[in-house]
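Q: Pasting a structure below so you can have a look.
The values are calculated or read from the model by the stated rules, or taken from the named source; none is laboratory data. Everything numeric here is computed off the predicted structure, so don't read it as measured data. In this analysis, Cβ positions are derived from the backbone assuming ideal geometry, glycine residues included, and neighbour counts consider all displayed protein chains. These area figures cover heavy atoms from the full protein model, side chains too; ligands, DNA and RNA do not enter into them. Shrake-Rupley method; radii C 1.70, N 1.55, O 1.52, S 1.80 Å.
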Amino acid sequence: EPEVTQTPSHQVTQMGQEVILRCVPISNHLYFYWYRQILGQKVEFLVSFYNNEISEKSEIFDDQFSVERPDGSNFTLKIRSTKLEDSAMYFCASRPTGYTEAFFGQGTRLTVV
Amino acid sequence: TQLLEQSPQFLSIQEGENLTVYCNSSSVFSSLQWYRQEPGEGPVLLVTVVTGGEVKKLKRLTFQFGDARKDSSLHITAAQPGDTGLYLCAGASDDMRFGAGTRLTVKP
């Protein structure tokens with residue numbers, strides 16, 4: 001069964017460093033998302049991406065964040081200069097079309113030290 | 001931004017009890033999804049409801065979509081410890097935002 005895959009499963013980085021989180025959405029899906037979940041808290045929307053551009057972003061998704069779909073397969077989230085408060089699980093999701101259910105990856109646990 | 005409110009936030013019950021959790025919004029959704037999330041893992045889709053008044057059953061889980069398509073409920077019959085987890089609802093829209101979730105603990 002097709003699934004969304006995320007790498008790495010766990011990333012530890014020093015404060016101020018750049019990180020890139022990678023996702024391979026389900027092929028033939030057209031809508032892509034990143035979410036964040038701080039330990040024990042709710043799943044927070046970061047950004048949605050469609051037709052090679054950001055369609056929506058939340059107030060969390062500031063200038064330190066960017067997304068890219070570099071090769072038609074991967075979907076990446078870059079954090080330019082990580083802060084301690086960026087420590088969280090980051091989930092990627094994809095949907096075949098808008099207004100349908102989304103499928104999630106297993107997440108990347110980012111720890112900023 | 002469409003806000004979804006889930007209640008209760010926490011629920012701890014004994015094995016064999018029944019329970020209902022709720023997902024409410026002031027917005028109308030074309031569809032609504034329920035997910036279950038276990039610690040350290042991604043949300044896993046349980047069901048999608050589309051039609052107002054629709055009822056879907058998944059073994060001991062019954063999902064209902066409100067007539068006005070603004071709210072939904074999840075009822076679990078004879079809960080088991082394996083039902084323990086975080087239950088999330090999400091309204092289908094461009095940015096698909098989640099409710100805060102109901103954290104269910106079923107004690108043996």
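Q: Could you please find all residues in region A:77-111 being in contact (Cβ under 8 Å) with a residue 40 or more places away in the chain, open to solvent by 10 Å² or more (accessible area, probe 1.4 Å) and β-branched (Val, Ile, Thr)?
A: Within region A:77-111, A:97, A:111 meet the criteria.
Q: Please specify each residue of region B:83-108 satisfying the condition of being touching a strand residue (DSSP E or B) at 6+ places or on another chain (Cβ under 8 Å) and of a type in the set (Gly, Ala, Ser).
A: Within region B:83-108, B:85, B:90, B:91, B:92, B:99, B:100, B:101 qualify.
Q: Just the residues that are among the aliphatic types (A, V, I, L, M), more than 8 Å from chain B (Cβ to nearest Cβ) and under 12 Å from residue A:36 (Cβ atoms), please, taken from region A:78-90.
A: Matches in region A:78-90: A:79, A:88.
Q: For region A:37-52, which positions are open to solvent by 10 Å² or more (accessible area, probe 1.4 Å) and of a type in the set (A, V, I, L, M)?
A: A:38, A:39
Q: Do we find a residue being of a type outside the set (A, V, I, L, M), at pLDDT 95 or above and under 10 Å from the mean Cα position of the chain (by Cα) anywhere in region A:15-27?
A: Yes - at least one qualifying residue is present in region A:15-27.
Q: I need the full set of residues from region B:26-72 which are open to solvent by less than 70 Å² (accessible area, probe 1.4 Å), away from every other protein chain (no Cβ under 14 Å) and either in contact (Cβ under 8 Å) with a residue 60 or more places away in the chain or charged (D, E, K, R) (or both), in order please.
A: Passing the criteria: B:54, B:60, B:71.
Q: On the given criteria, is residue A:72 at the interface with chain B (Cβ under 10 Å from one of its Cβ atoms) and open to solvent by 50 Å² or more (accessible area, probe 1.4 Å)?
A: So residue A:72 fails the test.
Q: So which pairs qualify, if the first residue must be in region B:82-105 and away from chain A (no Cβ under 12 Å), the second must be open to solvent by 40 Å² or more (accessible area, probe 1.4 Å) and part of a loop (DSSP other than H, G, I, E, B), the Cβ gap must be under 7 Å, and the two must be at least 6 apart or on different chains?
A: Listed pairs, sorted by first residue: B:85/B:38; B:104/B:84; B:105/B:84.
Per-residue answers, yes or no, for (1) away from chain B (no Cβ under 14 Å); (2) among the basic types (Lys, Arg); (3) in a strand (DSSP E or B); (4) in contact with a Leu (Cβ under 6 Å, 6 or more places away or on another chain):
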| position | (1), (2), (3), (4) |
| --- | --- |
| A:20 | yes, no, yes, no |
| A:40 | no, no, no, no |
| A:54 | no, no, yes, no |
| A:62 | yes, no, no, no |
| A:67 | no, no, yes, yes |
| A:76 | yes, no, yes, no |
| A:92 | no, no, yes, no |
| A:100 | no, no, no, no |
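Q: Looking for whichever is out of contact with any His (no Cβ under 9 Å at 6 or more places or on another chain) and under 25 Å from residue B:100 (Cα atoms) here; the options are A:27, A:48, A:73, A:94. Which one fits?
A: A:48
Q: Which one is farthest from residue B:6 (Cα to Cα) among residues in region B:73-83 that are within 13 Å of the chain's Cα centre (by Cα) and surrounded by 17 or more Cβ atoms within 10 Å (Cβ to Cβ)?
A: Restricting attention to region B:73-83, the residues satisfying the condition of being within 13 Å of the chain's Cα centre (by Cα) are B:73-76, B:83.
Remaining after also requiring surrounded by 17 or more Cβ atoms within 10 Å (Cβ to Cβ): B:73-74, B:76, B:83.
Values: B:73: 9, B:74: 11, B:76: 16, B:83: 17 Å.
Out of the qualifying residues, it is B:83.
Q: Right, next: State which residue is nearest to residue A:112 (Cα to Cα) when the search covers only region A:22-36 and only residues that are assigned to a strand (DSSP E or B) and open to solvent by 20 Å² or more (accessible area, probe 1.4 Å). Break it down stepwise before answering.
A: Narrowing region A:22-36 to residues assigned to a strand (DSSP E or B): A:22-24, A:31-36.
Checking which are open to solvent by 20 Å² or more (accessible area, probe 1.4 Å) leaves us with A:22, A:24, A:31, A:36.
On the way: A:22: 17, A:24: 23, A:31: 29, A:36: 14 Å.
In this case the residue turns out to be A:36.
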